[in-house]
Every structure is written in structure tokens, then in C-alpha cells.
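**Student:** Supplied in C-alpha cells, the structure appears directly below.
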Amino acid sequence: MIKKNSKALALAIALVFMMASALAGCGQSGGGAATTAAATTAAAAEAATTAAPATTAAAAAAEEPAASGEYSTRVTLSHNISNAEQLVDNPLYDFFSEKFQVDMQYIQMSLGEHMEKTRIWVASGDLPDILWLDLNENIFNEWCNWVDSEVFRPVPSDLSNYPALKDMLDSGIATKLFTRNGDVYALPAMRDMASADYTVCMGITYRADWAEALGMRKEDDIYTWQEFIDLVRACIEQDPGGNGEGKTFGLSAPQWYFPDMFGIYQTNTYEWGFEEPFFIEIGGEYVWYPTTEEYIKGLKVAKGLFDEGIIWHDNIVDTNSAMYIDMYYAGQMVGTGQHATISNLTNGRNRMKEAFPDIDREKSYMIAKIASPFDDNFFWQKQSPTYWGANSLSATMSDEQLDRFLDIWNWLLTDEGMNFRLYGLEDIDFIVGADGKVEVMWEKNELGYYVDPHPGTRGFYGRPKLAEAELAYIRETVPLVDREDGYKSWRWDWENAHVGKVDYNMLFSSTPNKDTLGMFVAEVKAKAIELMINSSMDDLESEWSAWTDSMMPKVQLVLDDLNALPFIPTSYAELIEHMKSW
């Protein structure tokens, strides 16, 4: 038995308080779900062969890049971002600021605090001019109430001066989701994952080098549940990293995937298997997923891992969204829950190599494919929404500020703007040949990999649609081994895993009780963690059932609304066809 960390138990109250934010609001159609930062898919590794400028339908629609350097006045735009200090005093910012005669006031905001900070800003009337929000189902109903209260101003209906932006908005499902009362109220950052039906490599990245040192690594990193847990246990006990007794920990995940990443996801066999414990369609009727046998079985799995110490106990108080991964980069964690995109794979491996120069870079950060605890042949995977994050425009924003912002976003969707986002400054970071292809001029390190000369400085520039130019970035500036490993994992999931689909109709349809009461996600997660800490395995199911029974009077009101909807999807194709009418 691995010793429990009592610190986690002492801080349980703080966690429950943090997780217990109730959902409220009102909606028509809108929003998406938390997944990953502007992720590029492994499909890019197959689709792109050479570096090329951003060439998209949006860019083609723009006859000329947006006007720049022709403004009579400078404007200031405030914008919340996760790495504010890095985004000024660098060559990219200087170029951008001069080109658009704009001074950016970046406001620090970590992903883990973005919802609470937004609520405070709305209540105090102190919103930034451009509010970035992971506008997912957890806050969408509130956002709709804010729209109705005129907290935001709509995107102009006439975007003829911004053709690239217009084309992006006209072509995406997300625009329909953010349309309210006939106007669009948020500009989404569209994903470039359409070719993969918006699936992602969501799972656990792990220390394959430690697995090899113990003689426990499996071919192609494919594990049964028991094989992987046995490996984690062995790493904790045998300490292949040489950390010292009690300093090697098992598994961690960001708060938004905790504790679901450790057995709850992998037990979900339903077609509408999104990662949050929502309502789920079974046999033509919606039920509350936390009341299903599958959810309870998964919760018991997570409870067992927590009790044994396989799950890192301090995960329950990791509210800043960073400790869980910092422990991995410190060489003290066996595995961590991730969106294992190619960009995350590269960043993770690079950070491990920087911290431990003698380490085997690729084996230090590998994607594990782990079967269900109850079926060695069942592998769970998820579909993401069509976008990640969206920008809403403060109602106090002036017309001049709005025009400048739209001009900026339109330019960022042209070839010139996309190359700026992907590579940096023309003739310094890249050159464009007569054939239109891009030649990257970044320096390479001793391993032969490109080194980004502007790390962490693209925040504001990276928010619009990712588009096909991301493929060129993948091909040329990301190590080939990362592209191949990422693509191989993505392709394996695509061909072998059960993919749970996003039920937009359930998540973003407006019903009176759902709009008022919300989706109960925060309550479910808080209760699950509370019982993981304080309940015994023998009592877990009965205590969970007693709690869900106590919630049912409110939950049933939402269920009644959902089951009265004129449409319940029976297939994903049917759902997408239905969305065309929104």
C-alpha cells in the first residue's frame, strides 16, 4: 500500500468550495467545451509536405491585406491573456503595434481562473475591451444572460470591409453557437481539426523511459488498464528516476479533467460521450449521466487509485492549473492527463530535455493508449467542439476600437497575417519564394530542431482561426519524430478507439430550467472529489446514490426540459444536419 498524503485531506474544504460554483443563465445556441489550447492535429503531419504560406478560403476572399499603418490615431485595446508579461517588449509586438497603431494592455489571467475573473469583471463593470473566454458549456448560460443585459456589443452585421473574417464566420458551426437574437456576439478561435472530425488524442502522457528501465514498456505504448496501473505502481515503489524515497508520484491531471481522467472517461461507452458529466441520450431519452452504472463504476476506479496513492493527492488542491504538469517536468511524475497534440508533445519533450539534458527526449514524454478498466479491447476517445475559446467585445468599446480590432483579425487571417503568426517577421524569420512557399530561417539546436525565436510571445495573434497554414508550421518547425509519434497516436485512436461525440443540441439549446439551473457539472465534480477524500470504498456507492437522489428534484426539471426538446439526435450526422437550422 502506498502511503496517503494527509495534506490533501486537510485541504478538502478549500477544494469543495472552489468546485461548488453553481451554473446559471440563459441561452439560445452557443458555446463549446474546454479542451486544449489552440491545438493542431496530427492529421497535419500527413496533409502537409513543405512549408507554405497561409492559404485558405478566407485569405483568398481578401483581395488585399487589411489596411495598416494608415491610421490617423493610435488606439488602446485591453485584452486578458495567460502570459501577459511576455507579450510586450519583443520584436513581434513592436511590429504589430506599429503596423496597426495599437497599444495593447494585456491583463494577466490563467486558464484556471478565467471564469471567476470574468464574473468579477462583469459584476464590477470592469471588462477588458476584448474578453477572451473559454466559452464552454460551463459558463455559456451566464454569457447569454450577459448578452441580454447588454454587457457586450455585437459583431457588425456588415463585414464587407473584413472579407477574411466574414468568410471565417460564415463557414463555421461556432458562429451559429454564438448567434443570439440575430447577432453574433463572440468571435471564435476555430480549430483546424475538421479532417479528423474534431477528435483529439486525449489521454495520459508518461515516462516511457522509466517503463523501459523496469522492463515494463509495452509495444506501441498500448496497455491494458491493469498493465498501466501496475507500471505506475512499480515506478512509485522502485523510483527509476532516482528521486529518493517518497518523491516519485503517480498520475496527475488538470483540474478540469480531475478525477474523470482516471477511470470515469474510460468507462463511458455511449455515443454522446463528451468528457463532462452531463446529460446523455440513451434509447431516445436523456438521463443524468452521474446516475448511470457506468459513471459509478468509473468513480469507484478513481477512488481506488486515490486511496492507494496512484493518483497524486495534491491534485485535489492544484487550483492554478500548473502544479500537475510542473511535477512532471520536475521528473517526479509517472504520467499526466493531456490533450496529446503534436504541439503539446513537442513542448513537453523540449521542456524535459531542457530540465534533464542527458534524458532520452522522445521516451521522456510519450502517449500511452490505455484500455478500459473493464474491457481490455475498449479504448475511449473524445470529440472536441469546432473551436477553442472565443472573444467577446465589451459594450463600452468605441467604434474606433472595434474597427481597429476587426481590421487586426481580418489581417491575421490573410497569408501575410498567418505567416506572421506562424513564423514571425518576414525577411528575418522567414522568406517567401517566388512560388509562394515559405522558407523558415529559424536557427536549429544541437539536435537539429528549429528553435522558436519568439517563444510565448504570440498570445494575442494566435486567437483567430488556425486554418490550413498550421499544417506548414507542423511540417517545418516541429521535429519530424514528434510529428510521426503524434500522428501515429492520433491515427491509432481514429481507427481503434470509441469516440464520444459532442451533443451540441443538448449542451446549447435553450430551455427555461437548464438556463436557470445549469448543468450541475461543478456540483458533480465537487461531490465526487469530496467522496474520494472522505468516503470509504464500501460506502462510496450508497453515499453517491443518496446525493444524486437529493439532487434529482432540481435535475429532473432540466431532464424534463431536455426530453421535451423537438429533437434528440440518434446519430452525429443527424445532429449536424439539425444544426443547420439554428
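The values are calculated or read from the model by the stated rules, or taken from the named source; none is laboratory data. These numbers were taken from a predicted model, which means no experiment stands behind them. So basically every Cβ, Gly included, is an ideal-geometry build from the backbone, and we count neighbours across all protein chains shown. Heads up: the accessible areas ignore ligands, DNA and RNA and are worked out on the full protein's heavy atoms, side chains in. Shrake-Rupley method; radii C 1.70, N 1.55, O 1.52, S 1.80 Å.
**Student:** Restricting to the stretch 363-407, what's the tally of residues that are over 16 Å from Asp221 (Cβ atoms), open to solvent by 30 Å² or more (accessible area, probe 1.4 Å) and either touching a strand residue (DSSP E or B) at 6+ places or on another chain (Cβ under 6 Å) or not in a strand (DSSP E or B) (or both)?
**Tutor:** 11
**Student:** Which of (1) part of a helix (DSSP H, G or I); (2) at pLDDT 80 or above; (3) buried (at least 21 other Cβ atoms within 10 Å of the Cβ) is the odd one out, the single condition Gly424 does not satisfy?
**Tutor:** (1)
**Student:** If Gly337 meets every condition in (1) modelled with pLDDT under 95; (2) in contact with a helix residue (DSSP H, G or I) (Cβ under 6 Å, 6 or more places away or on another chain); (3) open to solvent by less than 40 Å² (accessible area, probe 1.4 Å); (4) not in a strand (DSSP E or B) apart from one, which number is that one?
**Tutor:** Only one criterion is unmet by Gly337, namely (4).
**Student:** What pairs can you find where one residue is in the stretch 326-352 and closer than 26 Å to Trp494 by Cβ, the other is acidic (Asp, Glu) and open to solvent by less than 10 Å² (accessible area, probe 1.4 Å), and their Cβ atoms are less than 7 Å apart, with a gap of 6+ or different chains?
**Tutor:** Listed pairs, sorted by first residue: Ile342/Asp482; Leu345/Asp482; Thr346/Asp482; Arg349/Asp482.
**Student:** Also, quick follow-up: Does any residue in the stretch 172-199 that is within 19 Å of Lys501 (Cα to Cα) come within less than 6 Å, Cβ to Cβ, of a residue that is of a type in the set (Lys, Arg) and at pLDDT below 85 six or more places away or on a different chain, and which pairs are these?
**Tutor:** Taking only residues 6 or more apart or on different chains, the pairs are Met190/Lys465.
**Student:** Could you tell me whether Leu127 is of a type in the set (A, V, I, L, M), over 19 Å from Leu412 (Cα atoms) and at pLDDT 90 or above?
**Tutor:** yes
**Student:** Starting from residues that are closer than 26 Å to Asn496 by Cβ and not in a strand (DSSP E or B), keep the ones in the stretch 236-257 and report whichever is most open to solvent (accessible area, probe 1.4 Å).
**Tutor:** This residue is Trp256.
**Student:** Quick one: how many residues across the stretch 306-319 are within 19 Å of Glu227 (Cα to Cα), open to solvent by 10 Å² or more (accessible area, probe 1.4 Å) and touching a Leu at 6+ places or on another chain (Cβ under 7 Å)?
**Tutor:** 1
**Student:** Here is a follow-up. For residues that are in a helix (DSSP H, G or I) and either without any contact (Cβ under 8 Å) to a residue 12 or more places away in the chain or in contact with a Gly (Cβ under 8 Å, 6 or more places away or on another chain) (or both), scanning just the stretch 267-296, find the one that is least open to solvent (accessible area, probe 1.4 Å).
**Tutor:** Thr267
**Student:** Residues that are farther than 30 Å from Glu276 by Cα, at least 2 per element: which helices (runs of 4 or more DSSP H) completely within the stretch 79-189 meet that?
**Tutor:** Result: 91-100, 163-170.
**Student:** Same structure again: In the list Ser571, Ser509, Ser545, which residue meets the criterion of being among the polar types (S, T, N, Q) and crowded, with 17+ Cβ neighbours inside 10 Å?
**Tutor:** Just a single option satisfies the conditions, and that option is Ser509.
**Student:** Given the options Ala44, Ala52, Ala66, Ala39, name the one that is modelled with pLDDT under 85, open to solvent by less than 50 Å² (accessible area, probe 1.4 Å) and assigned to a helix (DSSP H, G or I).
**Tutor:** Result of the check over Ala44, Ala52, Ala66, Ala39: Ala44.
**Student:** Looking only at the stretch 148-189, how many residues end up being in contact with a Gly (Cβ under 7 Å, 6 or more places away or on another chain) and surrounded by 24 or more Cβ atoms within 10 Å (Cβ to Cβ)?
**Tutor:** 4
**Student:** Could you grab the pairs with beta carbons closer than 6 Å, sequence gap of 6+ or different chains, first residue in the stretch 204-230 and among the small types (Gly, Ala, Ser), second one open to solvent by 10 Å² or more (accessible area, probe 1.4 Å) and in a loop (DSSP other than H, G, I, E, B)?
**Tutor:** Ala208/Arg217; Ala208/Lys363; Ala211/Arg217; Ala213/Pro240
**Student:** Name every residue in the stretch 501-557 that is among the polar types (S, T, N, Q) and either farther than 27 Å from Leu305 by Cα or part of a helix (DSSP H, G or I) (or both), in order of residue number.
**Tutor:** Asn505, Ser509, Ser510, Thr511, Asn513, Thr516, Asn534, Ser542, Ser545, Thr548, Ser550, Gln556
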